[in-house]
Amino acid sequence: MATSTQTQQTISNLEYDWLTVMHNKAQALQAYDKYIQDAREANAQQCVDLFTKLKESDMEQIQEIRKHLMDVMPQS
């Protein structure tokens, strides 16, 4: 019986890369909540505003990555 020398990948390197980026951004969203709270407690409104802006940017990027993955990932 011949065995295949090729192993089918469950997930491609590129898919893994995108999922890792999305995961890291999702973790950052949780961290921003803490940073925003710290800035509020320090009465540092400019910091609150910037952390909020960065959080919103990451949220938009996660949505863009999700859409991209749905468009390019092979359907099984």
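Report the net charge of residues surrounding Glu64, where surrounding means a beta-carbon distance below 11 angstrom and charges are Lys +1, Arg +1, Asp -1, Glu -1. Please report the intermediate quantities before stating the final value.
Values: positive: Lys25, Arg66, Lys67; negative: Asp58, Glu60, Asp71.
Summing Lys and Arg as +1 and Asp and Glu as -1 gives 0.
Multiply the residue gap between Asp71 and Asp49 by 0.36 nm, knock off their C-alpha separation, and tell me the result in nm, one decimal place. Provide the component values of the computation, followed by the final result.
Details: separation 22, 0.36 × 22 = 7.92 nm, distance 3.32 nm.
Residue separation times 0.36 nm, minus the Cα-Cα distance, leaves 4.6 nm.
Every read-out reported here was derived from the displayed coordinates using simple, explicitly stated rules and does not represent laboratory data. Since this is a predicted model, take the numbers as computed values, not measurements. FYI the Cβ positions are ideal-geometry reconstructions off the backbone, even for glycines, and counts take in every protein chain you see.
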